[in-house]
1. What number of residues within region 75-101 are in contact with a Lys or Arg (Cβ under 9 Å, 6 or more places away or on another chain) and either under 30 Å from G187 (Cα atoms) or not aromatic (F, W, Y) (or both)?
2. Residue check: is D103 in a loop (DSSP other than H, G, I, E, B), modelled with pLDDT of 95 or more and closer than 30 Å to D170 by Cβ?
3. Among the residues in region 133-152, are any under 20 Å from E194 (Cα atoms) and either of a type in the set (K, R) or in contact with a helix residue (DSSP H, G or I) (Cβ under 8 Å, 6 or more places away or on another chain) (or both)?
4. Name the pairs whose Cβ atoms lie under 9 Å apart, with the first residue in region 100-123 and under 12 Å from V148 (Cβ atoms), the second of a type in the set (D, E, K, R) and open to solvent by less than 40 Å² (accessible area, probe 1.4 Å), and 6 or more positions between them or separate chains?
5. Suppose the filter is closer than 30 Å to E86 by Cβ and not hydrophobic (A, V, I, L, M, F, W, C); does D156 pass it?
6. Considering only residues that are crowded, with 19+ Cβ neighbours inside 10 Å and modelled with pLDDT of 95 or more, which ones fall in region 181-201?
Amino acid sequence: MSSTAPRSCMLEEAVEVIRLLHRGEQVSHNGDYYVVQEARIYTRPEQPVPIYVSGFGPQATRFAGRIGDGYCTVVPDADLVRTFRESGGGDKPVQAGLKVCWDADREAALDRAHRLWANDLLPGQLAQTLPRPQDFAAAMTLVPREQVAEAIVCGDDPQAHLARVQAYVDAGVDEVYVQQVGEDHEGFFRGWSEQVLPKLR
């Protein structure tokens, strides 16, 4: 059994319990991982909260298609989107997130992205195994600045930003969430609303 199998089983059972609770009835559950005794949600939303499941490889993506109300990813991978849809996802929403660092000074933007988000690019399983924030800070020194430049669009070239988000659209992603790295949110919103979004197909 792979190391991720127990985590997947735990997640699947948790999703089952959440969905039972959203029916509004009193729930008692004695499962493999969770015990719930006479629980009930007294103030429910009008519709059950949709549960989106992330997946970064084929196995996790098939799992997301089987149990999720939607799929979350961070890569513009048409094969994974297809895998999700063919594994039970159908026409359920596919969401993706990407990071950018909008700044008129590209080198300053790259320095900022490297300082704040190099942990996104840690090698191997480090991001899943490091226990403390200071361990992440130490491990970030393993990530070269050039690698961050490839992963995070830095600067204010609208064509570079447009090309990155278009890759997600072309891969079949329904909703793309863009995170500005750093404090210049005004510049980011202005740049994207005036120079990027109007050109998006």
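1. Initial filter on region 75-101 (in contact with a Lys or Arg (Cβ under 9 Å, 6 or more places away or on another chain)): 76, 83-89, 91-92, 94, 98, 100-101.
Adding the requirement that they be either under 30 Å from G187 (Cα atoms) or not aromatic (F, W, Y) (or both) leaves 76, 83, 85-89, 91-92, 94, 98, 100-101.
Residues flagged as in contact with a Lys or Arg (Cβ under 9 Å, 6 or more places away or on another chain) and either under 30 Å from G187 (Cα atoms) or not aromatic (F, W, Y) (or both) within region 75-101 amount to 13.
2. Working: in a loop (DSSP other than H, G, I, E, B): yes; modelled with pLDDT of 95 or more: yes; closer than 30 Å to D170 by Cβ: yes.
When the stated conditions are applied, D103 passes them.
3. Just the residues of region 133-152 that are under 20 Å from E194 (Cα atoms), to begin with: none.
No, every residue in region 133-152 fails to be under 20 Å from E194 (Cα atoms) and either of a type in the set (K, R) or in contact with a helix residue (DSSP H, G or I) (Cβ under 8 Å, 6 or more places away or on another chain) (or both).
4. Matching pairs, first to second residue: A109/D103; L110/D103; R112/D103.
5. On the way: closer than 30 Å to E86 by Cβ: no; not hydrophobic (A, V, I, L, M, F, W, C): yes.
Considered against the rule, which asks whether it is closer than 30 Å to E86 by Cβ and not hydrophobic (A, V, I, L, M, F, W, C), D156 comes out as no.
6. Listed by number, the residues that qualify are V181, F188, G191, W192, V196.
The values are calculated or read from the model by the stated rules, or taken from the named source; none is laboratory data. All values derive from a computational prediction rather than experimental measurement. So basically every Cβ, Gly included, is an ideal-geometry build from the backbone, and we count neighbours across all protein chains shown. For accessibility, only protein heavy atoms count, side chains too; no ligands or nucleic acids. Shrake-Rupley method; radii C 1.70, N 1.55, O 1.52, S 1.80 Å.
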